[in-house]
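FYI, it's all coordinate maths here, none of it is from the lab. Quick caveat, the model's predicted, so the values are computed rather than measured. Ideal geometry is used to build each Cβ from the backbone, glycine not excepted, and the neighbour counts take in all protein chains shown.
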Amino acid sequence: MQLVVGRIGRPHGLRGEVTVEVRTDDPQGRFAPGAALATDPASAGPLVVASRRWHSGILLVRFEGVDDRDRAEALRGTMLVLDSEDVPPPTDPDEFYDHQLIGLTVVTPGGERAGEVIDVLHHGQDLLVVRRGGAEVYVPFVKALVPEVDLEAGTLTVDAPPGLLDPDQMV
């Protein structure tokens, strides 16, 4: 399985730098000079990081062989990916990678099926996107609401207050 660690955005300047929308919790490691990243589409890469810097909260990266604005523009929209097998497991038992959570069956504390995790959003607060019937609901990924994640069983328990898992009852 491929893990998306970033998406290349617009060029920055004339010397081949691009903005990168970061989708990893380790941008310093993933985008370290010398790091090779596979791409989607595969024809764009692999790309090797030549340099990286932060500018006004935006990650700017220059890749080897991309030394002008035209080459940088050609990479716009390219996803930067890693093979999930190349990522070591988290050391904290209460920490999970997005790819470990996506696809888990959501169950209630009583064992009733309540949906499936289809995405994880990081907006200051991690949110699980749960498909429930034809709707999507957002569940804050905090211990009080998600007391158990069982990767081996493929389940994630959500102890939700009334209305959280029912979009028709939301206020």
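If you average the alpha carbon positions of region 1-74 and of region 84-117, how far apart do those two centres end up, in angstrom?
28 Å
Could you work out the local net charge near GLY111, counting Lys and Arg as +1, Asp and Glu as -1, over the other residues with Cβ closer than 14 Å to its Cβ?
Working: positive: ARG113; negative: GLU112, GLU148, ASP150, ASP159.
Result for the neighbourhood of GLY111: -3.
Can you give the longest run of the chain that contains no trypsin sites (Lys or Arg not before Pro) sitting in a DSSP loop with at most 13 other Cβ atoms inside 10 Å?
Working: sites that count: ARG15, ARG76, LYS143.
Here the longest segment lacking exposed loop sites spans 77-142.
Among HIS99, HIS123, HIS12, what is the fewest-to-most ranking by other Cβ atoms within 10 Å?
Values: HIS99 15, HIS123 7, HIS12 19.
With the fewest neighbours first, HIS99, HIS123, HIS12 line up as HIS123, HIS99, HIS12.
Would you mind checking which residues have amide H under 5 Å from LEU3's amide H? H placed 1.01 Å from N; only 5 or more apart, or other chain.
Counting only residues 5 or more places away or on other chains, the set is LEU82, ASP83, SER84.
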